[in-house]
Amino acid sequence: MSFREKIHWIALVGLLSAFGWYFLNYPWEIANSPKGMYIAVWMLLPVTIIFLVPMVAGAAFFAIRSPKDADLKEDEREKGIHLRGTHLAYYPLAIGVQLNIFVLINGFNYGYAVTILIATLVIAELIRVGSQLYYYRRGY
């Protein structure tokens, strides 16, 4: 398993754990109130910590464990994998942005719009990282 693939696994687990916690603990009943927005925004601080700590620790661990792999430049296979994953993530991102615009135009409060925006980014990133992991395993 390459260094970049290991980092992608850490990112997938970090995204699932951080935003899984966020959406499970989101104040749904007061989402459209000022208090709900305040709580939701402050919840992004622990999400950042939950995501970044394993990413930094994992990257440091794998870089120390195999420094030659960490210093390797991307080859054509890895560039293609990253390009395919980014391409697949574009579609849910575009749909989510359109959904967010629809929500705002139709008079929904900002609580739902922010939630849809964050969910859109998370889903797109999960698709990107997940598809890249699939392509790494598949051998593209």
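The values are calculated or read from the model by the stated rules, or taken from the named source; none is laboratory data. Fair warning: this is a prediction, and the values are worked out from it, not measured in the lab. Ideal geometry is used to build each Cβ from the backbone, glycine not excepted, and the neighbour counts take in all protein chains shown. Just so you know, the surface numbers come from the protein's heavy atoms only, side chains and all, with ligands and any DNA or RNA stripped out. Shrake-Rupley method; radii C 1.70, N 1.55, O 1.52, S 1.80 Å.
Find, among the GluC sites (Glu not before Pro) in the stretch 67-119, those assigned to loop by DSSP (not H, G, I, E, B) with at most 16 other beta-carbon atoms within 10 angstrom. Sites meeting the loop and neighbour criteria: GLU74.
Between helix 76-105 and the chain there is an angle of about 0 degrees, using the helix long axis and the longest principal axis of the Cα atoms. Restricting to lysine pairs 8 or more places apart or on different chains, what number in the stretch 3-138 have Cα atoms under 26 Å apart? Close lysine pairs found across the stretch 3-138: 4. Helix 34-65 axis versus longest C-alpha principal axis of the chain: approximately 0°, rounded to the nearest ten. Pairing the Cα long axis of helix 3-24 with the longest principal axis of the chain, what angle in degrees results, from 0 to 90 and rounded to the nearest 10? That works out to roughly 20 degrees.
Using the 1.4 Å probe convention, the accessible area of the stretch 1-113 works out to 66 Å² per residue with neighbouring protein chains retained. Computed over protein heavy atoms with a 1.4 angstrom probe, the accessible surface ordering of LEU15, LEU88, LEU126, largest first, is LEU88, LEU126, LEU15. In the assembled protein chains, LEU45 presents an accessible area of approximately 100 Å² (probe radius 1.4 Å). Across the accessible surface of the stretch 34-140, with the other protein chains kept in place and a 1.4 Å probe, carbon and sulfur atoms take up 71 percent.
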